[in-house]
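The values are calculated or read from the model by the stated rules, or taken from the named source; none is laboratory data. The shown structure was predicted, so the numbers you read here are calculated from the model rather than taken from an experiment. Don't worry about glycine lacking a Cβ; one is built from the backbone with ideal geometry, like all the others, and counts go over all protein chains shown.
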Amino acid sequence: MSGAVARRWFRGRNAVIGLPYGWLLLFFLLPFLILVKISVSEMETVNFKDLITFKEGLLQLTVKLSNYVFITEDALYIKTYIASLKYAAAATAVCLAIGYPFAYFMARARPTAQPALLMLVMLPFWTSFLLRVYAWKGLLSENGWAFDFIVGSGLDQLLHAADMIPAPGKLMYTPFSLVLGMAYTYMPFMILPLYGNLAKLDLRLLEAAADLGATPWVAFWKVTVPLSKAGIIAGSMLVFIPCIGELVIPELLGGPETLMIGRVLWDEFFSNNDWPMAASVAVVMILLIIVPLAIFNKYQAEMQEARR
């Protein structure tokens, strides 16, 4: 009987649902719990004290929460979290502003041209991530063609007015170079979900909107954008989440005023060798990402249930 139950479990709907959950359990939940354990442990040289001890008939649980208290009291950590969220949101907004028109153009292109356009989007992945980031150092430095174009066109004046660069002509190691590098790196993660969503859009809905008197612009905002909301959300999450914990791009393109949480984590782990503190910083960063996502998913589920 048990064998029959096992066979029923490992086939059909249960297997389809169980495999992703098993994957998440193995590669996300367990490492996260290990990280939480380290964050509330006392460190002795290279070892950690046991959280649960049994001595003289007493079972004792020792949890250290001082690291989390210190994070809420230290201005550096708070400032770094806010900066990480701000730069990640800015990079996501840039990717959406550029990626949506490109994805829309791809979805409306001739079917024979779409594979070539998809190849152009994925082409940067054929080059090393570090090489692409290093290339921007040369482009934004003096005598680089991007530097010459921005300064020659006067865009650096606008960037300075927007407080993205400290002075006209100073493009490297600024919030501008940091956001530009992250937006360029993660742009395909925005375009591909949008393209997949827009390519499935039923064009008859646009024809119906036109028959009802809607202009192309009104039809775009009232029909196309709402129906592509799933692609917008998926692309934004795929860009926003890795940007928050980014280390390489802030290190190469950002300056001392663009400190992000990835750099703080690196310093705590490898410079200060304070693993409990670094784990606490990582746990808070993960919660900053997961909690809003969980609330949003709950809201979306409630909205869909209400529509039924």
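List of remarks:
- Hits in the stretch 292-308 (condition: at pLDDT below 75, among the hydrophobic types (A, V, I, L, M, F, W, C) and touching a helix residue (DSSP H, G or I) at 6+ places or on another chain (Cβ under 9 Å)): Phe296
- Inspection of the stretch 265-286 identifies no residue that is farther than 30 Å from Leu29 by Cα and part of a helix (DSSP H, G or I).
Here's the yes/no breakdown for (1) small (Gly, Ala, Ser); (2) modelled with pLDDT under 90; (3) loosely packed, with under 15 Cβ neighbours inside 10 Å; (4) touching a Cys at 6+ places or on another chain (Cβ under 6 Å):
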position: Asp202; (1), (2), (3), (4): no, yes, yes, no
position: Val239; (1), (2), (3), (4): no, no, no, yes
position: Gly254; (1), (2), (3), (4): yes, yes, no, no
position: Leu259; (1), (2), (3), (4): no, yes, no, no
position: Arg263; (1), (2), (3), (4): no, yes, no, no
position: Glu268; (1), (2), (3), (4): no, yes, no, no
position: Asn272; (1), (2), (3), (4): no, yes, yes, no
position: Ile286; (1), (2), (3), (4): no, yes, no, no
position: Ile290; (1), (2), (3), (4): no, yes, yes, no
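- Among the residues of the stretch 260-280, those identified as of a type outside the set (Phe, Trp, Tyr) and over 17 Å from the mean Cα position of the chain (by Cα) are Val264, Asp267, Glu268, Ser271, Asn272, Asn273, Asp274, Pro276, Met277, Ala278, Ala279, Ser280.
- Top-ranked residue of the stretch 204-230 - restricted to ones that are outside any helix (DSSP H, G or I) and of a type outside the set (A, V, I, L, M), ranked as farthest from Tyr100 (Cα to Cα): Gly213
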